[in-house]
Amino acid sequence: MASLMEELIDVMHTEEEQYQKLIQLSEQKTEALVAAKVDQIQEIAESEQAIVEVIQHCEKKCDEIIKDMGIVLGRDMESLSVAELIEMLGRQPMEQEKLKEEYTKLRATAVKMKACNEKNKILVEQALELVEFDLTLFKSLRMAPETANYSKDATSAAQFKGTGRFDQKQ
């Protein structure tokens, strides 16, 4: 059981470190989004993907360790959580404190990561709205004006003469 506990603490520590790296990248992504540096955003996203894969591996490993601990303790593996494990370690204060510390750090880091993601989500949404606005404005500028431009026989004299690259004679 002690080796499982040490392994769980080590895996949680590794996962927390990976989240810290992800937070740093997320902060870099915020700067890149504000500066509209698309190439840099793409590079950051690729780096994030590699870290997410490590985090997913850590989470899977944690689940396996907790299942093994559930077997050793004779507890239902599906409902056993880290918080319950912390409570169960009342007779082993050193292990309890180590697990509680890693669990608290991991949760705090996850909350910080969530806040960074929300900020970047808002920035991306604003950038998309701006692009949509620009596209709408561009489309409206390319359309022919139809206001108060009549010929002598009271028919509309406005004719759209495209000035785009595809409207020129070769």
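The values are calculated or read from the model by the stated rules, or taken from the named source; none is laboratory data. Owing to the predicted nature of the structure, the values given are computational and were not obtained by experimental measurement. With ideal geometry, Cβ positions are generated from the backbone for all residues, glycine too; neighbour counts draw on all protein chains shown. In case anyone asks, the SASA skips ligands and DNA or RNA and just uses the protein heavy atoms, side chains included. Shrake-Rupley method; radii C 1.70, N 1.55, O 1.52, S 1.80 Å.
In region 53-83, what GluC sites (Glu not before Pro) fall in a loop by DSSP, with at most 14 other Cβ atoms inside 10 Å?
Details: sites: GLU53, GLU59, GLU64, GLU78; in loops: GLU78.
Filter output for region 53-83: GLU78.
Please work out the average accessible area per residue across region 1-126, using the 1.4 Å probe convention, and give it in Å².
Details: 8070 Å² over 126 residues.
Each residue of region 1-126 exposes 64 Å² on average to a 1.4 Å probe.
Say R0 is 41 Å: what FRET efficiency, to the nearest 0.05, do ASP76 and LYS121 get from their beta-carbon distance?
Numbers: r = 36 Å, r/R0 = 0.89.
That gives a FRET efficiency of 0.65.
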